[in-house]
Every structure is written in C-alpha cells, then in structure tokens.
Amino acid sequence: MQVDLRQPWQIGSVEIPTRLVLAPMAGVSVQAFRRQGRRFGAGLVCSEMVSCAGIEHRNERTLGYLRVAGDEHPLAIQIFGSDPRVMADAARMVEAAGADLVDINFGCPVRKVTKTGAGATLLEDPERAARIVGAVAEAVDIPVSVKMRRGLGDGSRACLEVGPRLVEAGAQSLTLHPRSARQMYTGEADHRLTAELVELVDVPVIASGDVTSRARAQAVLATTGAAAVMVGRGAQGNPWALREIVDGDAADPSREEVVAELVLFVRETVRELGERRASGFLKKFYGWYLGRGRFPRPFKQELVQLATTEEVETRLFAAAPGAAELVEELEATVPSAADDVLLDMPISIYGGG
Ligand SMILES: Cc1cc2nc3c(=O)[nH]c(=O)nc-3n(C[C@H](O)[C@H](O)[C@H](O)COP(=O)(O)O)c2cc1C
C-alpha cells in the first residue's frame, strides 16, 4: 500500500501539510536548516533541544534558539530538563516565542544531559516523565509532543510502558527513535517497536531512524502505521533527499544548484549566529553539501581552511559561476530573513533588561 506523503495530518489543532518531519539535531537545526527543510517538503520542522535551565537563567545563547522565522511554521521547539516546574516555565516561553508545538526530549543519550536526570534517563522514571508532561501540558495552549528512544539499555522496551502514560498525561504526539540510548547511533532503528507503540496509543506517532529514501519512508509508514516519518542525518547538507522522499523527484542537483543552496545557507546562518560563530559552525556542512555536484575532494578541504565565509562564497562561485544567478532567484522568492525573521518575544522573556 502506497502512502501519500503529501496528505495533511494533525497534531491536536496544528495542521501539518506533509508526512515528513525534519528531525531536531543539536549543532545542525539552525533556522536556515529548518527554513530550507520546509521549502524542500518537510511538513514540520523542529529546533534543536534547548535547555530549560538555560531559558530559566535567560542565557543569551539559549534564548537565541527561540528565534522563529515567519516562514518556518509549523515549527516545534524542543526543550529538555528534569524539573516539571522549570520545564513548564520554559514551555510558556516557547509558546510566547511563536512555536506551534512544544516538544519534550526524553531521548538524548549524551552523558552531559542524562547525568542531570534529563533526556533518555526519564524513560526509566515514568512517574517523573509523566509529571513533566502533565506540568507542560497544563502550562501552555499549544499541543505538547514527546520524542523518545526505546529505552536506556539494549533490547529495552521502556518506550512501550512510558509512551501510553505520557499520552494520558497530555502528550498529543509521540516520536520514537527505536534505538537504545546505549546504542547511540550504532545498529539499526527497530521499527517493529514503532508498530507496537502505534497500537498502544491513540495519538499520531512519528517514526524516526534510518529513513533516507522514499522507498524506506513508504516501507516504514506502511509497516508501522505511523502518521509520519522523521528524517535527520539523511537531510544534513542534502535537502534534495527531502524532495525525493516527499515527491519521488530523484533528480540529482546540478553543481550550480548545490552551490546556490549552500551559499544561501551560509548567508542565513551568518545572519543568525554572526560571522564568528557561523564560520566554525558551517565547516561540517561544506563536506555534507559537496558530496553532491562532483566536487574534487581537495576542494572541500580547501573550503574548511578558509578564514571567512566571504572567502568561502567567492571560492564557491569560482567553482560554479552559474550559481550566482540562482542565488539571486532564490533570494527573490524566499522571504528575506532581514524583513521576515521575527524575534517576536515579549520583553519579559529577556528579563526586562
Ligand atoms: C548530530 C545530531 C544531533 C541530534 N540532536 C538531537 C536533539 O537535539 N534532539 C533530539 O530529540 N534528537 C536529536 N538527534 C536525534 C535525531 O533527531 C534522530 O532521532 C536520529 O538521528 C535518528 O534519525 P536519522 O537516522 O534520520 O538520523 C540528533 C541526531 C544527530 C545525528
């Protein structure tokens, strides 16, 4: 049975136009990534995980994660933490920042996060996990969703015990990445578990893990009954993968198209993070993007060594002169971040000062 990936669906009252969700990824899911994802067919995009403690302490960099652009909607902002009250306060700020959904992270396997009692450890503490979801659902009017791993240890089925309790506590959607925290990214995502979770709950389930092609997306949707698939690593520097999954358009981008998308990405990221942070942040993206377009290997190494993004841009245009025109076209159609990106938060969010 073929599933139509262009068929809209809903989380609570939020309508999502396609069955593809762009994964939250720390160090990747900046605004430029999310906006590009929407343009290439993602129906829902998500911020990287934001620390609720960082929000509580008005940490400047943390608040930067709460910037929402006008053309990102629908957008989820993901928060992590272990204290129900602090999470509820953070959720209020997320709502005030203009997010359509607040997503709670019960999946992060990284020790820095789990040792604070947040992320995947909460899968082993269903009582506290449910209290967090309940407090967040109580605090905001927008729908609350949760993203989980299967459990902490290999073979764990904790998600099947916790999932229904989180729904009872107020979660209106669950995303499952069916690897254990211990597995990190090794082995395979076991979507048989996703199918079991779908049977247990009456809210939409999003299947995350190892979806990189239309064929795989179709297979996962058909065999699990999930409402949507989530794509993470497959979309890093490769928005064309999203188009292939949603529309079946498998045409390889030309060298000019690759350069044009990368240049736009660089410009927007500099606008968001500033040149100093952006130039380091962007380095990993050069290798990812230039996997397409038949660029010689030394070219990628050369880009990584350049000191400024301006030099990177010049070098990219030299390698694909036709791309400059494409960038102009893109900038004419994509609403300019300069007039469109809102930092639409009440002054109270900055603590008034
Ligand atoms: C670099 C990186 C950062 C990630 N950061 C987050 C995060 O902040 N929040 C989260 O819920 N999942 C995070 N994930 C997990 C992804 O959202 C996704 O569930 C996982 O990568 C499996 O999907 P994939 O096989 O399509 O990549 C991250 C994954 C990667 C590779």
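The values are calculated or read from the model by the stated rules, or taken from the named source; none is laboratory data. In this text, all values refer to a predicted model and were calculated from it rather than measured experimentally. We place every Cβ from the backbone using ideal geometry, glycine too, and count neighbours over all the protein chains shown. Keep in mind that these areas ignore ligands, DNA and RNA; they rest on the heavy atoms of the full protein, side chains included. Shrake-Rupley method; radii C 1.70, N 1.55, O 1.52, S 1.80 Å.
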Quiz prompt | Simple spin-label estimate for E275 and H57 in nanometres, 7 Å along Cα-Cβ | solution = 3.1
Exercise. Provide the gained length on full extension for the span K112 to V334, in nm with one decimal, where the gain is 0.36 nm per separating residue minus the Cα-Cα distance.
Key: 76.2 nm
Practice problem: Pick out, from M184, S208, V263, the residue whose Cα sits farthest towards the positive end of the charge dipole of the chain, with +1 on the Cβ of Lys and Arg and -1 on the Cβ of Asp and Glu. | Solution: M184
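Packing-wise, with mean Cβ within 10 Å as the measure, how do 283-296, 31-44, 101-114 rank, highest first? Please report the intermediate quantities before stating the final value.
On the way: 283-296: 17.4, 31-44: 23.8, 101-114: 21.6.
So the order, starting with the most tightly packed, is 31-44, 101-114, 283-296.
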Quiz prompt | Degrees, to the nearest 10: 126-139 long Cα axis against longest axis of the chain | solution = 70
Quiz item: Quick one: Cα centre-to-centre distance for segment 1-58 and segment 198-268, in angstrom?
Solution: 11
Exercise. Return the sequence-ordered ³J(HN,Hα) values of segment 70-82 in whole Hz as given by the Karplus equation 6.51 cos²θ - 1.76 cosθ + 1.60 applied to θ = phi - 60°, using x for Gly and Pro.
Key: x, 9, 8, 5, x, 9, 9, 10, 9, 10, 9, x, 10
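At a 10 angstrom cut-off on C-beta neighbours, averaged per residue, how do the peptides 64-75, 314-325, 81-92 rank from highest to lowest? Intermediate values should be presented prior to the final figure.
Working: 64-75: 19.6, 314-325: 15.9, 81-92: 21.1.
Taking the mean over residues of other Cβ atoms within 10 Å, the ranking is 81-92, 64-75, 314-325.
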Exercise. Count charges around Q10 for me, please; just the other residues with Cβ under 14 Å from its Cβ, Lys/Arg as +1, Asp/Glu as -1.
Key: -2
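What's the FRET efficiency of D154 with T223 using the Cβ-Cβ distance as r and R₀ = 35 Å, to the nearest 0.05?
Values: r = 22 Å, r/R0 = 0.63.
The value I calculate is 0.95.
Using a 1.4 angstrom probe on heavy atoms only, work out the carbon and sulfur share of the accessible area of segment 217-291 in %.
Values: 1220 of 2550 Å².
Carbon plus sulfur share of accessible area: 48 percent.
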Quiz item: Taking Cα atoms, how many degrees apart are the long axis of helix 84-96 and the longest axis of the chain, rounded to 10 and kept between 0 and 90?
Solution: 40
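Give me the extension gain from E310 to R182: residue separation times 0.36 nm, minus the current Cα-Cα distance, reported in nm with one decimal. Numbers along the way, then the final one.
Details: separation 128, 0.36 × 128 = 46.08 nm, distance 4.09 nm.
Length difference between fully extended and current span is 42.0 nm.
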Quiz item: What list of ³J(HN,Hα) values in whole Hz, one per residue of segment 50-63 in order, does the Karplus curve 6.51 cos²θ - 1.76 cosθ + 1.60 (θ = phi - 60°) give from phi, with Gly and Pro shown as x?
Solution: 10, 6, 5, 5, x, 5, 4, 8, 6, 4, 4, 5, 4, 4
Practice problem: List the lysines whose Cα lies under 17 Å from the Cα of K112, skipping any in the same chain that are fewer than 8 positions away. | Solution: none
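So what's the net charge close to F299: Lys and Arg +1, Asp and Glu -1, counting the other residues with Cβ under 12 Å from its Cβ? Don't skip to the answer; put the middle values down first.
On the way: positive: R255, R294, R297, K300, R315; negative: E302.
With Lys, Arg at +1 and Asp, Glu at -1, the neighbours total +4.
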Practice problem: Compute the distribution of all C-alpha to C-alpha distances in the chain, in bins of 20 Å from 0, and list the percent of pairs in each, rounded to whole numbers. | Solution: 31, 58, 11
Quiz item: Once the Cβ-Cβ distance between E325 and H73 is put in as r, and R0 is 51 Å, what FRET efficiency do you end up with, to the nearest 0.05?
Solution: 0.95
Exercise. Choose one answer from V220, V334, V133: the residue with the largest mean-square fluctuation in a GNM of the chain with alpha-carbon springs under 10 Å.
Key: V334
Quiz item: At what distance in nm do the modelled label points of K283 and D252 sit from each other, each positioned 7 Å from its Cα along Cα→Cβ?
Solution: 2.9
Exercise. Over the residues of segment 101-213, compute the C-alpha Rg and express it relative to 2.2 N^0.38 Å.
Key: 0.98
Quiz item: Roughly how many nanometres apart are two label points built 7 Å out from the Cα toward the Cβ at R6 and S213?
Solution: 2.3
Quiz prompt | Table column - 3J(HN,Hα) (Hz), segment 165-180, Karplus curve with 6.51, -1.76, 1.60, x for Gly and Pro | solution = 5, 5, 5, 4, 7, x, 5, 9, 6, 10, 10, 10, 9, x, 10, 7
